[in-house]
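So the structure is just underneath, and the comments pick up after that.
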Amino acid sequence: MFSVNREWAFVMLTCFFELCWILGFSIATELWQWGIIVFLIVVDFTFLTNACKTIPTGTVYAIFSGVGAIGATAIDMLLFGKEIKLIQLFFVALIIIGVIQLKRADS
């Protein structure tokens, strides 16, 4: 039981670091900043690999990519003031529903 909870912590960490490097893509301008982004990607994929040890890879990747899509949309909207259309919010809601159902199906 402890192992599964630890693996879900790895999923949360990989999602967090994914959002960090996605944000970095939008704001990096200098070589050292790109170095930090590369480091974040390496850390991110290390957590992703650890998460896949006990959780099905398809579930982990769906959550990873869903959080990335939702997070990128939120970052664009909240930090960069980009306008989001209602249809985009509808599809983001579908991603959220899908991620929740994947988690429930894995339990």
>> Restricting to region 2-31, name every residue that is free of Cβ contacts under 8 Å to residues at least 24 places away in the same chain, aliphatic (A, V, I, L, M) and either in a helix (DSSP H, G or I) or closer than 14 Å to Ser65 by Cα (or both).
In response: Ala9, Met12, Ile27, Leu31
>> Step by step: first the residues of region 39-74, then only those that are closer than 11 Å to Glu18 by Cβ and over 12 Å from the mean Cα position of the chain (by Cα), then the one that is surrounded by the fewest Cβ atoms within 10 Å (Cβ to Cβ). Which residue is that?
In response: Val43
>> Please pick out the residue among Glu18, Glu7 that is surrounded by 11 or more Cβ atoms within 10 Å (Cβ to Cβ) and modelled with pLDDT under 90.
In response: Glu7
> If a residue has to be farther than 27 Å from Asp76 by Cβ and in contact with a Leu (Cβ under 8 Å, 6 or more places away or on another chain) to count, how many in region 1-60 make the cut?
Replying inline: 0
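Within the bounds of region 55-69, is there any residue that is outside any helix (DSSP H, G or I), within 24 Å of Gln101 (Cα to Cα) and out of contact with any Lys or Arg (no Cβ under 8 Å at 6 or more places or on another chain)?
yes
What about Glu18, is it in contact with a helix residue (DSSP H, G or I) (Cβ under 7 Å, 6 or more places away or on another chain) and among the acidic types (Asp, Glu)? Steps first, please.
Numbers: in contact with a helix residue (DSSP H, G or I) (Cβ under 7 Å, 6 or more places away or on another chain): yes; among the acidic types (Asp, Glu): yes.
For Glu18, the condition - in contact with a helix residue (DSSP H, G or I) (Cβ under 7 Å, 6 or more places away or on another chain) and among the acidic types (Asp, Glu) - is met.
The values are calculated or read from the model by the stated rules, or taken from the named source; none is laboratory data. Everything numeric in this text was worked out from a predicted model, so none of it was measured. Every residue, glycine as well, gets a Cβ built from its backbone with ideal geometry; the counts of neighbours run over all protein chains shown.
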